[in-house]
Structures are given as structure tokens and as C-alpha cells.
Ligand code: HEM
């Protein structure tokens, strides 16, 4: 059942609940208010209070200025302080903490060390080599949809394209693929509200068991894949520990397909809502790359980064961001900031320049950007080429947007092909 969006009541004295259905459905109205009247405001992510910044320049600053770091303990100057603020630190079992940590939560030099180890799998050349396989996977899936009246695009197309690609990159065998998919999809559904507790206590444990098994199998039977590369990789005589390996595999899995799946489905919706842009794309297919960048700017799936923490009190727009407090740059809002983008609410597939923040900025800039753009382009282009009459089967207002902080994604997307 789709939440009926009530009128947004903008009120700077109350934290903006990023996990509410109301926010999920009206987020662009909230963003407009923040961009104009509340450039720094308080937000709520699950049980945590966070500072929110929305303007392009402020988001860029928070992600590139050395006064902001990922490590809470580092920000507080307290060695050994928990990375996770109370009460999450209490809820999270010790064994799980190690696994929930990965380079996206870390600062240099630790972050750089890990990123260097995995970087080579994502060079432009390595990604270009994957292109024929992505084409193949996309066509196989489109073949299987032939003759179907209506189906959920997320489950039957947008999810399997990046899942298969990342599973093959990591080196998950076809026998393991189903268990892999199951363990990971549980995780990505349960990161808010009460289910967060279940996720922390149970799902991460079971998924980590699966990934640990995978690492053990790779050690015995090395292959031509990222995981084998990571197991064998050495930087200055240094290797990843078992926990670090598991953390990295998790990160690649979560970052690698949850995001792309929603850029494909958000892209389908936005192109169908702008038929003149779709027509232009059909006439000028060389614009696809640029169109995908605009999809990510206009309706990208990631609207907030991981938490940053201030290492000292920082004054911004008359508001003090206190040392050690979390801050989340709202990339989705920054991408609609009129200070940076001309007519920011227009969807323009030939927008130039388009320095959007949909892939982040700074040290943690998306490692898989090229892969993500390539997968989204191929998946959408093939879908429109093969099934030119593809339509969303319900009115756009009936599509449910997930109430997940930091995301812009749909719960389902029923489509018809004719
Ligand atoms: C359209 C799809 C994608 C979008 C919108 C996206 C967006 C982002 C964003 C915004 C960040 C920065 C987060 C932060 O600062 O906390 C990020 C980081 C990251 N992304 Fe992506 N991503 C996508 C696809 C991918 C893919 C396909 C992969 C690889 C398989 C990937 C791997 C990563 C990794 C490993 C990081 C962390 C980098 C670091 O900490 O140094 N992403 N992504």
C-alpha cells in the first residue's frame, strides 16, 4: 500500500526523519526548503540524530575538508572509542562490528591501503573488458521476459543484471549464486527501524558466515576473480586479514548491485516521464553516457553518504557542528542546488557541465562509477531497443518509494512490455 503523502510541514525545530514515508515521498520538497532556508539542520536516521547539509558547496566541503573524518573515535581524539554511537555500539555484537566495518567507514592511511588493493579491478580498461558480458547478461534476461504481460522490473531485470556481474567479478560460482543473493538481499532490506536490530543481531551473522565460506573455498581453489586477487594481493608486504577480506566483499556486494539496480529502475521511470528526452535519445544514441549521468544527478539512488564526524567545532551558516557529532551530506539535495545547476529540476540528457555529486566526491568517491554507468546504460538502452513500448503498469503516483535514509529507490516497479 502506497503511503498517501501528507503536506510536508517544514519545521527546523524538529529533526527531519529521513526514514519516514512522508519524507520518502516528498523529499524534493524537503530539499528545496533545506536548500533555501535550512542549509544546516538536524535529521534523524533510525535512532540517531545527525546534522544534515544540503547545499552543493557545503556537501563538497564536508566530503573534502580534513576537519571531517569517517572515524568517530578519530574525530573525538579518543583511541578505542566506538565507531558506532550509542545505542548502536551496545546493540552490535563484537564479532559483527569487525564485519560491518569496511574502507567506506575508514580514513587514510587505512582506507587508502585497502582501496589500493581493490582498485585494479576497477580501472577503465578492466571495466571495458566486462562490457561484452554485461551485454550478454542483459540480453539473456530480456529474452526470458519475452511474452510476459507484466512483471516487476526490479526483481526480473534491474536486480539480476548487476547481481550477476558483481557475483562473477567476486567469483561466486553459479551453485553459490542463489545463497549469495539471498544472504545479501536480506541485509539491504533491513537497515532501518526495528529491522535494524534484527539485521545487526542476525542477518549480518548469517551473511558473514556465507562470505567466510566463500573466502575459504577461494583459498583452496583460486580463480580469476577479485576475491582471489584480494586474498593474494600484497601492498608493501601487507595483506588483508580475514575480517578485512570479509568486510571488503560485503562492501563490493552492497555497493555494487543495490545501487545500480536502482539507477536502472529510477532511470526507466524518469525517461518514461520525459518522452521528449527519450525520443532524443533514440535519435542520438551517442547521448546515452551523458543521459546516465543526468539520471544519476536528477534521480540517482544514493542521496546521502556514510556519516562524517567533525574533528573540531565547525561553524556553518551560523550553526555549530559540534566536535564528534555525525553529519550527513545530502547528495540528492546538492544535485538540485540552483547555485550549482541551471534549472536544477529540469531533466536534460545533454546537460553540460554536469558536476553532480551522485557518486560522491573526495577520498571515498565511488570506486565503481565506470562500471555503474556502463551497466545502467546497457541495461536501459537494450530494454528500450528491444521493447520500445515498455511502460510502467501503474500510475506514477502509485509507485512506492522506499523509506530508507540516504536512498531514493522504489519498493517495486510493475512494467508491461506492450
Ligand atoms: C549507479 C550506481 C552507483 C551509485 C549511484 C554509487 C554511488 C556511490 C557513492 C555516492 C559513494 C560514496 C559514498 C560515501 O562517500 O559514503 C560510493 C562509494 C563506493 N562505491 Fe559506488 N555507486 C554505484 C555503483 C557502484 C558499483 C557498481 C560499485 C562496485 C562494484 C561501487 C563501489 C563503491 C565502493 C567500493 C565505494 C566506497 C569507496 C571508498 O570508500 O573509497 N559502486 N558509491
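The values are calculated or read from the model by the stated rules, or taken from the named source; none is laboratory data. Here the structure is a predicted model, which means the values were calculated and not measured. Don't worry about glycine lacking a Cβ; one is built from the backbone with ideal geometry, like all the others, and counts go over all protein chains shown.
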Over segment 347-382, the set of residues more than 30 Å from residue 53 (Cα to Cα) and away from the ligand (no atom under 16 Å from the Cβ) is 382
With the first residue restricted to segment 110-130 and required to be without any contact (Cβ under 8 Å) to a residue 12 or more places away in the chain and within 12 Å of residue 244 (Cβ to Cβ), and the second required to be within 11 Å of the ligand (Cβ to nearest atom) and in a helix (DSSP H, G or I), Cβ contacts under 9 Å at 6 or more apart or on different chains are 110/103
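Just to be sure before I move on: is residue 402 under 14 Å from the mean Cα position of the chain (by Cα), within 16 Å of the ligand (Cβ to nearest atom), buried (at least 21 other Cβ atoms within 10 Å of the Cβ) and within 14 Å of residue 262 (Cα to Cα) in the structure I sent?
Working: under 14 Å from the mean Cα position of the chain (by Cα): yes; within 16 Å of the ligand (Cβ to nearest atom): yes; buried (at least 21 other Cβ atoms within 10 Å of the Cβ): no; within 14 Å of residue 262 (Cα to Cα): yes.
When the stated conditions are applied, residue 402 does not pass them.
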When segment 99-127 is checked residue by residue, the ones that are at pLDDT below 85 and surrounded by fewer than 16 Cβ atoms within 10 Å (Cβ to Cβ) are 120
Of (1) more than 16 Å from residue 316 (Cβ to Cβ); (2) within 15 Å of the ligand (Cβ to nearest atom), residue 30 satisfies every one except (2)
Could you tell me whether any residue of segment 132-152 is part of a helix (DSSP H, G or I), surrounded by 18 or more Cβ atoms within 10 Å (Cβ to Cβ) and within 13 Å of the ligand (Cβ to nearest atom)?
yes
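Is it the case that some residue within segment 351-361 is over 30 Å from residue 109 (Cα atoms), crowded, with 22+ Cβ neighbours inside 10 Å and either touching a residue at least 40 places away in the same chain (Cβ under 8 Å) or out of contact with any strand residue (DSSP E or B) (no Cβ under 8 Å at 6 or more places or on another chain) (or both)? Write out each step before concluding.
Initially, segment 351-361 is screened for residues over 30 Å from residue 109 (Cα atoms), giving 351-354.
Okay, now just the ones that are also crowded, with 22+ Cβ neighbours inside 10 Å, so none.
Scanning segment 351-361, I find no residue that is over 30 Å from residue 109 (Cα atoms), crowded, with 22+ Cβ neighbours inside 10 Å and either touching a residue at least 40 places away in the same chain (Cβ under 8 Å) or out of contact with any strand residue (DSSP E or B) (no Cβ under 8 Å at 6 or more places or on another chain) (or both), so the answer is no.
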